[in-house]
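J.: Here it is, the structure in full.
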Amino acid sequence: SVGLMQAAITALGPDFAEAMTTRMLERAGLPPERSRQLTHMLSHTVSGIGVMMLMFGLVAAGTQLIREREEGVLPRLLTAPADRAAILWGKYLFALLVGALQLTLLFSFGTFVFGVDVLRDPLAFLAVSGCVLLAVTAFGMLVAAAARTIKQAEGLSTLLILVMSAVGGAWFPLQLFDPPDAVKVVMACTLTDWAIRSYQAIFWAGKGLGDAELVRNLAVLLGFAVAATAAARELFLRRYVRSA
């Protein structure tokens, strides 16, 4: 995906890449003489593809819950003298750890291959990654709790992730333009938009946790994580515990 995107940008010509970089420097309030070694498209590709692949990975981790039910493991776990929701929290923690490893590998690749300095501000990077991990993990758990079969979970998650990736700007920096208000509302309903804006704030614009816009983005991601986790817990208890 990264190679195809870079090839498409190259095909458009150096003038397009230069114009995009100049426009984004102006929008971010950065001086025109700033080093052009890191282009906006390059940093966007690393953050966009990273977020999209993270979503695919964590949804796959969440479907382990459905697999255990189909294989008869979950009913036996429910007989244990423990809080029933602890089973869901165990999957949640597992997905978080998988996601953290996946982000480490993805952004290490972005650093060593594409030269994106993801650790320019380590504290901001950890804060953004933590909020993105919580939000995407909650999304994966919600899909796993709502779906009845693995095939259903895979189909639903693939559709949602691809739509959110396209509309939220993971494939192309839609944030570069000024779309109509209706489009902005749709973009704001996607996890990808908020996650990419947050990563771009530190990768491209050089902002830190003192920036009000970045703090707002993180608050939105955390809000989604709380809401989706609560919904996933309720669906899990209703489907697997109360109906048992």
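J.: Of everything in segment 49-63, what is open to solvent by less than 10 Å² (accessible area, probe 1.4 Å) and within 8 Å of the chain's Cα centre (by Cα)? Give them in sequence order.
T.: Correct list: Gly50, Val51, Leu54, Met55.
J.: From (1) under 25 Å from the mean Cα position of the chain (by Cα); (2) open to solvent by 20 Å² or more (accessible area, probe 1.4 Å); (3) in contact (Cβ under 8 Å) with a residue 24 or more places away in the chain, pick out the condition that doesn't hold for Leu78.
T.: Among (1) under 25 Å from the mean Cα position of the chain (by Cα); (2) open to solvent by 20 Å² or more (accessible area, probe 1.4 Å); (3) in contact (Cβ under 8 Å) with a residue 24 or more places away in the chain, Leu78 violates only (1).
J.: Something else now. Do any helices (runs of 4 or more DSSP H) entirely within segment 164-242 hold 3 or more residues that are open to solvent by 60 Å² or more (accessible area, probe 1.4 Å), and if so, which?
T.: The qualifying helices (runs of 4 or more DSSP H) are 181-188, 212-236.
J.: Give, as residue ranges, the helices (runs of 4 or more DSSP H) completely inside segment 22-114 that count at least 1 residues that are at pLDDT 85 or above.
T.: Counting at least 1 such residues, we get 40-62, 85-114.
J.: Would you check which residues across segment 144-163 are open to solvent by 10 Å² or more (accessible area, probe 1.4 Å), over 20 Å from Lys184 (Cα atoms), assigned to a helix (DSSP H, G or I) and not hydroxyl-bearing (Ser, Thr, Tyr) and list them?
T.: If the condition is that a residue be open to solvent by 10 Å² or more (accessible area, probe 1.4 Å), over 20 Å from Lys184 (Cα atoms), assigned to a helix (DSSP H, G or I) and not hydroxyl-bearing (Ser, Thr, Tyr), then Ala146, Ile150, Lys151, Gln152, Glu154, Gly155, Leu156, Leu159 are the ones that fit.
Let's see how each residue does on (1) out of contact with any Leu (no Cβ under 8 Å at 6 or more places or on another chain); (2) under 16 Å from Ala225 (Cβ atoms):
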position: Ser108; (1), (2): yes, no
position: Phe112; (1), (2): yes, no
position: Asp117; (1), (2): no, no
position: Ala124; (1), (2): no, no
position: Ala127; (1), (2): no, yes
position: Ala135; (1), (2): no, yes
position: Ala138; (1), (2): yes, yes
position: Met141; (1), (2): no, yes
position: Thr149; (1), (2): yes, no
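J.: Check segment 171-193 and report whether any residue there is of a type in the set (A, V, I, L, M, F, W, C), in contact with a Phe, Trp or Tyr (Cβ under 9 Å, 6 or more places away or on another chain) and in contact (Cβ under 8 Å) with a residue 40 or more places away in the chain.
T.: Among the residues of segment 171-193, at least one is of a type in the set (A, V, I, L, M, F, W, C), in contact with a Phe, Trp or Tyr (Cβ under 9 Å, 6 or more places away or on another chain) and in contact (Cβ under 8 Å) with a residue 40 or more places away in the chain, which makes the answer yes.
The values are calculated or read from the model by the stated rules, or taken from the named source; none is laboratory data. Just so it is clear, the structure is predicted and the values come from calculations on it, not from any experiment. Positions of Cβ are generated from backbone atoms using ideal geometry, with glycine treated the same way; all protein chains shown enter the neighbour counts. Please note that ligands, DNA and RNA were not included when accessible areas were found on the heavy atoms of the full protein model with its side chains. Shrake-Rupley method; radii C 1.70, N 1.55, O 1.52, S 1.80 Å.
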